[in-house]
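Okay, structure first, notes after.
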Amino acid sequence: MKVSIRVTGMVSIPGEPFNEFQRSLRARAELSHVFLLGYTDNSAQDWPNYYLPDIRSAAHAGYGASDSTIAGLGTGEQLVDLGLIQLFTMRGMFREKPWRPPAKRFN
């Protein structure tokens, strides 16, 4: 199977992200294939013991969403959004200056 680099994206974040983040990233990335990789931090932090619940799951509690995480509320959303910004940036989708398409003139 051939996979084109132009249609494939990967975002890596530390800890154990809830599956809602993968679904959200896939829906917004505008790519054919998008992968969200967890447990990818190599710093002194102990991220493998951190769950990253989405805000909705944290509000409803449950395993890993309320009492077994020390990550701040909304941390997972912020990390996924930063990854999405990088995916768009690498594809040249942002401009250096604000830009608006030229207005259409009607004669």
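Side notes on the structure shown:
- Positions within region 52-62 being at pLDDT below 85 and either under 22 Å from Leu37 (Cβ atoms) or hydrophobic (A, V, I, L, M, F, W, C) (or both), in sequence order: Ala61
- Within region 52-90, the set of residues being of a type in the set (D, E, K, R) and either over 20 Å from Gln22 (Cβ atoms) or in contact (Cβ under 8 Å) with a residue 24 or more places away in the chain (or both) comprises Asp54, Arg56, Asp67, Glu77.
- Qualifying residue in region 67-81 (condition: closer than 15 Å to Ser12 by Cα, modelled with pLDDT of 90 or more and of a type in the set (A, V, I, L, M, F, W, C)): yes
- Top-ranked residue of region 1-24 - restricted to ones that are small (Gly, Ala, Ser) and outside any strand (DSSP E or B), ranked as modelled with the highest pLDDT: Ser24
- Filter pass, Arg28 being farther than 30 Å from Arg95 by Cβ, of a type in the set (Lys, Arg), out of contact with any Pro (no Cβ under 6 Å at 6 or more places or on another chain) and at pLDDT 90 or above: no
The values are calculated or read from the model by the stated rules, or taken from the named source; none is laboratory data. Since this is a predicted model, take the numbers as computed values, not measurements. Here Cβ is always computed from backbone atoms with ideal geometry, including for glycine, and neighbour counts include all displayed protein chains.
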